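Notes follow once the structure below has been shown.
The values are calculated or read from the model by the stated rules, or taken from the named source; none is laboratory data. Keep in mind that what you see is a predicted model, and the values were worked out from it rather than measured. Every residue, glycine among them, receives a Cβ derived from its backbone with ideal geometry; neighbour counts consider all protein chains shown.
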Amino acid sequence: MATSRQYDIATANPVLTNVVRGYGNNSFVADQILPIVEVDSEVGTYRDFGADRFKIYDTVRALRADSNRVPAASQRRLPYNLDEHDLEEPIDYREQASDMKRQANAANRVAELLTLARESRVATLVQASGTYAGGHSSALSGTNRFSHDSSDPAALIASAKATVASKIGADPNLLVLSHDVYLRLLVHPAIKELIKYAGIGVPTIESLKTIFDVEKIIVGKGVYQAQGATSFTKLFSNTCALLFVNPSTVPDEENPSFGYTLRKKGMPTADVYSGPGGKVTLVRSTDINKSIVMGNTSGFLYTSVLS
């Protein structure tokens with residue numbers, strides 16, 4: 001085992017930290033579902049959002065009367081506690097001598113694995129019926145399943161949108177499709193007919209956005225391999241979810257959204273330290289974050305979409 005020592009962010013290797021911060025995987029969608037927001041502390045609170053912004057008040061003021069006053073916005077706050085996630089890879093001194101880029105490669109690999117783990121956590125959250133408020137999820141069956149030619153995906157999407165809008169006062173702006181559901185929609189007879197009728201070309205993500213009237217569609221394509229397995233398992237499967245996600249390019253946990261990934265400022269980092277005897281070097285990446293659903297009425301989930 002590696003020798004123990006007190007870890008401090010100040011000991012992070014700046015070169016390798018830039019490597020892990022620059023890492024990205026285009027097939028992953030977690031950051032588009034629960035955008036990353038930096039926070040100062042590992043322990044704190046976040047705001048619980050109500051419908052304050054959608055109420056209509058009397059705004060007419062009589063001559064010499066007091067100003068119209070609205071109740072203070074909801075200040076109910078819920079606690080969060082971030083988790084530390086870290087992985088390290090060993091490098092023998094003989095490997096370093098033969099390949100000076102070995103540490104950078106190791107830092108990139110552990111960063112990829114940390115990102116995959118976060119993708120898995122978010123995929124689990126967004127595809128769990130228990131994540132959503134009552135009445136905001138449905139397991140499809142029979143001819144309602146998209147795999148059935150007589151199903152009506154557009155009507156089901158519209159129904160889910162209406163459910164969300166009735167609770168938060170805004171339409172969901174993101175449709176999350178598992179890859180298998182996306183491929184089915186591309187060949188679904190009803191979808192092909194709608195696209196043909198609308199004269200918008202062939203089925204693509206762009207044409208599906210028009211048909212479903214949503215601002216953005218993302219497809220979960222991530223896969224993982226379980227310990228001891230030889231085949232891959234999809235992180236997203238047989239589901240579709242409609243979510244309202246804060247559209248700001250600078251996410252803020254004070255703005256309503258389905259949820260956020262809260263990350264401690266300064267993360268992720270990477271560092272290097274020696275194992276016992278000095279012949280093995282450990283390259284490690286550390287991230288401190290928590291993916292939290294903050295508005296369980298801000299989304300709608302369909303499960304068992306395909307038979």
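Overview of results
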{"item": "Top-ranked residue of region 239-280 - restricted to ones that are assigned to a strand (DSSP E or B) and among the charged types (D, E, K, R), ranked as surrounded by the most Cβ atoms within 10 Å (Cβ to Cβ)", "result": "271"}
{"item": "Contacts under 7 angstrom Cβ, first residue in region 156-169 being at positive phi, partner assigned to a helix (DSSP H, G or I), 6 or more apart", "result": "169/54"}
{"item": "Residue check for residue 233: β-branched (Val, Ile, Thr), surrounded by fewer than 15 Cβ atoms within 10 Å (Cβ to Cβ) and touching a strand residue (DSSP E or B) at 6+ places or on another chain (Cβ under 7 Å)", "result": "yes"}
{"item": "Region 196-205, residues that are within 29 Å of the chain's Cα centre (by Cα), surrounded by 11 or more Cβ atoms within 10 Å (Cβ to Cβ) and either at pLDDT 90 or above or more than 19 Å from residue 174 (Cα to Cα) (or both)", "result": "204, 205"}
{"item": "All positions within region 108-154 that are surrounded by 18 or more Cβ atoms within 10 Å (Cβ to Cβ), closer than 13 Å to residue 305 by Cα and either touching a His at 6+ places or on another chain (Cβ under 7 Å) or hydroxyl-bearing (Ser, Thr, Tyr) (or both)", "result": "137, 138, 146, 151, 153"}
{"item": "Residue check, residue 162 loosely packed, with under 14 Cβ neighbours inside 10 Å, among the hydrophobic types (A, V, I, L, M, F, W, C) and either touching an Asp or Glu at 6+ places or on another chain (Cβ under 9 Å) or farther than 21 Å from residue 207 by Cα (or both)", "result": "yes"}
{"item": "Cβ-Cβ under 9 Å pairs, at least 6 apart or on other chains, region 218-238 side within 17 Å of residue 32 (Cβ to Cβ) and outside any loop (DSSP other than H, G, I, E, B), far side at pLDDT 95 or above and polar (S, T, N, Q)", "result": "218/32; 219/178; 220/127; 220/178; 220/237; 220/239"}
{"item": "Condition broken by residue 208, with the remaining ones in (1) farther than 24 Å from residue 44 by Cβ; (2) free of Cβ contacts under 8 Å to residues at least 12 places away in the same chain; (3) not hydroxyl-bearing (Ser, Thr, Tyr) satisfied", "result": "(2)"}
{"item": "Contacts under 6 angstrom Cβ, first residue in region 117-143 being closer than 21 Å to residue 155 by Cβ, partner assigned to a helix (DSSP H, G or I) and among the polar types (S, T, N, Q), 6 or more apart", "result": "137/129"}
{"item": "Of the criteria (1) touching a Lys or Arg at 6+ places or on another chain (Cβ under 6 Å); (2) modelled with pLDDT of 85 or more, which one residue 64 fails", "result": "(1)"}
{"item": "Residue in region 187-201 that is touching a residue at least 40 places away in the same chain (Cβ under 8 Å), closer than 23 Å to residue 238 by Cβ and not in a helix (DSSP H, G or I) present", "result": "yes"}
{"item": "Residue 283 being more than 20 Å from residue 121 (Cβ to Cβ) and part of a loop (DSSP other than H, G, I, E, B)", "result": "no"}
{"item": "Single unsatisfied condition, residue 214 versus (1) among the β-branched types (Val, Ile, Thr); (2) more than 27 Å from residue 78 (Cβ to Cβ); (3) assigned to a strand (DSSP E or B); (4) under 20 Å from the mean Cα position of the chain (by Cα)", "result": "(3)"}
{"item": "Every pair of residues 6+ apart whose Cβ atoms lie under 7 Å, when the first sits in region 74-102 and is farther than 16 Å from residue 17 by Cα while the second is modelled with pLDDT under 80", "result": "74/48; 74/50; 74/52; 76/48; 77/47; 77/48; 78/48"}
{"item": "Failed criterion for residue 102 (all others in (1) of a type outside the set (A, V, I, L, M); (2) in contact with an Asp or Glu (Cβ under 6 Å, 6 or more places away or on another chain); (3) buried (at least 18 other Cβ atoms within 10 Å of the Cβ) hold)", "result": "(3)"}
{"item": "Qualifying residue in region 120-137 (condition: among the basic types (Lys, Arg) and over 21 Å from the mean Cα position of the chain (by Cα))", "result": "no"}
{"item": "Any hit, region 197-211, residues being among the basic types (Lys, Arg) and within 15 Å of residue 30 (Cα to Cα)", "result": "no"}
